[in-house]
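Worksheet: one structure, shown below.
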Amino acid sequence: MNKLPRLTRAQIWNMSLGFLGIQFGFALQNANASRILQTFGANIEHLGWFWLAAPITGMIVQPIIGHYSDRTWNRLGRRRPYFLAGAIFAALALVFMPNAEMLAAIIPPMFVGAGMLMIMDASFNVSMEPFRALVADKLPLDQRTAGFAVQSTLIGIGAVVGSWITYILAEWLNVSKVAPEGSVPDNVIFSFYIGAAVLVITILWTVFTTKEYSPKEMEAFHGPEKLEPAGKKVIGIVQIFKDFIAMPKTMKQLGLVQFFSWLALFGMWVYTTPAIAQHVYNLPVSDTSSAAYNDAGNWVGVLFGVYNGVAALYALLLPFIAKKTSRKTAHAISLLFGAAGLISIYFINDPVMLILPMIGVGIAWASILSMPYAILSGALPPAKMGIYMGLFNFFITIPQIVNGVFSGPIIKVWFNSQAIYALVIAGVSLIIAAVSVHFVEDKED
């Protein structure tokens with residue numbers, strides 16, 4: 001077998017640029033979806049239930065996409081058809097979600113918004129895992145940590161702009177940040193339009209600048225791929241189930257780490273806006289349309305931009321830190337920084353001071369986006385890289401579903417609808433994730 005050729009720095013950046021656009025849209029979703037749903041009438045204790053649409057569709061979509069992307073080859077290649085299709089549907093959802101009230105005469109806007117959230121997240125998932133698999137397809141083992149770190153950097157850049165765009169439009173360009181009750185402000189609507197355009201443009205850049213290896217070339221690099229030929233009786237779903245049962249040991253061990261990491265992240269994304277509005281801006285639970293509430297929502301976008309900016313910079317340091325210690329140690333330390341950041345929000349009542357906890361969150365986020373995948377890729381058979389990257393998403397979506405089902409009632413009954421406690425619980429979850437890293441077997445280390 002031949003060794004995979006090393007790629008230049010420019011080639012690695014080109015093949016990952018689409019992640020910038022995906023994360024631009026993902027950041028808009030994370031920073032504004034709860035705010036939009038509350039505008040359309042959703043209660044705090046129900047927010048997690050509306051957000052369930054996203055991880056449920058991701059859990060279904062990603063393994064299927066991974067399975068079939070392993071078996072796809074056409075003029076666009078193996079992975080590119082999937083992240084291009086995902087980008088188009090995600091862009092459409094970005095355009096329609098903040099305009100859900102247009103269909104109010106037929107369907108309640110918050111259900112339209114939740115439906116768009118589902119389509120948007122499913123489309124992001126269609127794009128995201130083929131990108132992860134593309135790194136493993138194209139890069140030799142000694143470049144993969146750097147490849148996933150570049151993805152994390154681009155994710156950070158896209159997320160910074162995506163998180164800050166509502167604040168920039170409102171405070172710098174004087175786009176209206178208030179709207180009649182039940183309507184989404186113009187600065188949020190225009191932000192989603194911009195996000196849709198950035199998403200499509202960056203994905204197209206990767207599609208046109210990156211060439212995938214043909215099946216014959218992949219065979220030369222990895223040996224014959226032992227996949228069922230097209231038309232064999234074993235249908236895709238059955239094979240996906242078989243692959244799940246036979247997942248490598250390292251993947252199972254990383255599953256526990258991912259479970260508590262994403263339990264925390266989901267809680268942060270769903271509850272930060274109401275938590276900051278209540279705990280820092282001292283607004284009542286029922287206030288979802290005042291100028292002060294929209295100021296809190298815009299500031300949450302800025303804070304999310306801060307943690308993503310920190311993540312973009314820290315991701316560049318991660319390969320060096322992992323080399324000096326180990327990938328497991330680097331990941332565990334990073335998660336503890338995130339835990340400290342989330343828990344410390346409880347003790348802060350000045351909006352500006354909230355920037356400090358976001359530094360810790362950004363350190364954890366950069367590592368969550370790269371280290372588990374770098375560890376995992378060395379334990380996976382090349383012929384099943386796509387399906388296992390997709391199945392790995394179970395350990396991302398299941399904790400989000402658990403959080404979405406139980407967090408609302410817990411916050412309402414135990415904490416009197418004070419969303420700040422959801423962030424404290426998220427911090428504790430990251431501590432558990434950091435401890436769990438110790439039990440992972442990293443084959444390359």
For a quick check of your reading of the model, give me the residue pairs whose first member lies in region 390-404 and is under 22 Å from Asp70 (Cβ atoms) and β-branched (Val, Ile, Thr), whose second is part of a helix (DSSP H, G or I) and modelled with pLDDT under 90, with beta-carbon atoms closer than 8 Å and at least 6 apart or on different chains. Ile396/Pro55; Ile396/Gly58; Thr397/Pro55; Thr397/Ile56; Thr397/Gly58; Thr397/Met59; Thr397/Gln62
Scan region 356-365 and tell me whether some residue there is under 21 Å from Asn32 (Cα atoms) and surrounded by fewer than 22 Cβ atoms within 10 Å (Cβ to Cβ). yes
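Condition check ((1) more than 24 Å from the chain's Cα centre (by Cα); (2) at pLDDT 80 or above) across all residues:
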| residue | (1), (2) |
| --- | --- |
| Leu134 | no, yes |
| Lys138 | no, yes |
| Gln143 | no, yes |
| Gly156 | no, no |
| Gly162 | no, yes |
| Trp172 | yes, yes |
| Pro180 | yes, yes |
| Val188 | no, yes |
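Here is a yes/no grid of residues against (1) without any contact (Cβ under 8 Å) to a residue 40 or more places away in the chain; (2) buried (at least 19 other Cβ atoms within 10 Å of the Cβ); (3) in contact with a Ser or Thr (Cβ under 6 Å, 6 or more places away or on another chain):
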position	(1), (2), (3)
Arg78	no, yes, yes
Tyr82	no, yes, yes
Ile88	no, no, no
Ala91	no, yes, no
Val95	no, no, no
Asn99	no, no, no
Met102	yes, no, no
Ile106	yes, no, no
Met118	no, yes, yes
So Phe347 fits all but one of (1) over 16 Å from His279 (Cα atoms); (2) surrounded by fewer than 24 Cβ atoms within 10 Å (Cβ to Cβ); what number is the exception? (1)
Answer residue from region 297-327, given it is part of a helix (DSSP H, G or I) and free of Cβ contacts under 8 Å to residues at least 40 places away in the same chain and is nearest to Leu169 (Cα to Cα) among those: Leu317
Could you tell me whether Val200 is touching a Lys or Arg at 6+ places or on another chain (Cβ under 6 Å) and at pLDDT 85 or above? no
Mind counting the residues in region 382-416 that are at pLDDT 85 or above and not in a helix (DSSP H, G or I)? 1
Pick from region 259-285, criterion among the polar types (S, T, N, Q) and crowded, with 22+ Cβ neighbours inside 10 Å, ranking: farthest from Ile363 (Cα to Cα): Thr273
Quick check on my filter: what residues within region 240-286 are among the β-branched types (Val, Ile, Thr) and either part of a helix (DSSP H, G or I) or at pLDDT 90 or above (or both)? Ile240, Ile245, Thr250, Val257, Val270, Thr272, Thr273, Ile276, Val280
For region 296-327, what are the residues that are surrounded by fewer than 24 Cβ atoms within 10 Å (Cβ to Cβ) and touching an Asp or Glu at 6+ places or on another chain (Cβ under 7 Å)? Ser326
Which one of Val126, Val112 is part of a helix (DSSP H, G or I) and either small (Gly, Ala, Ser) or crowded, with 22+ Cβ neighbours inside 10 Å (or both)? Val126
Go through Met116, Met128 for me and flag whichever is within 13 Å of the chain's Cα centre (by Cα) and either of a type in the set (A, V, I, L, M, F, W, C) or at positive phi (or both). Met128
With criteria (1) over 21 Å from the mean Cα position of the chain (by Cα); (2) free of Cβ contacts under 8 Å to residues at least 24 places away in the same chain; (3) surrounded by fewer than 21 Cβ atoms within 10 Å (Cβ to Cβ), Tyr293 comes up short on (3)
Residues that are at pLDDT below 85 and surrounded by fewer than 23 Cβ atoms within 10 Å (Cβ to Cβ), drawn from region 1-39: Met1, Asn2, Lys3, Leu4
Hey, does region 425-438 have a residue that's at pLDDT 90 or above and not in a helix (DSSP H, G or I)? yes
Go through region 332-367 residue by residue and tally those that are part of a helix (DSSP H, G or I), over 24 Å from Val257 (Cα atoms) and in contact (Cβ under 8 Å) with a residue 24 or more places away in the chain. 4
Could you grab me the full set of residues in region 160-183 that are under 14 Å from Asn32 (Cβ atoms) and among the aromatic types (Phe, Trp, Tyr)? Trp164, Tyr167
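The values are calculated or read from the model by the stated rules, or taken from the named source; none is laboratory data. All values derive from a computational prediction rather than experimental measurement. Methodologically, a virtual Cβ is constructed for each residue, glycine included, from the backbone with ideal geometry; neighbour enumeration extends over all protein chains shown.
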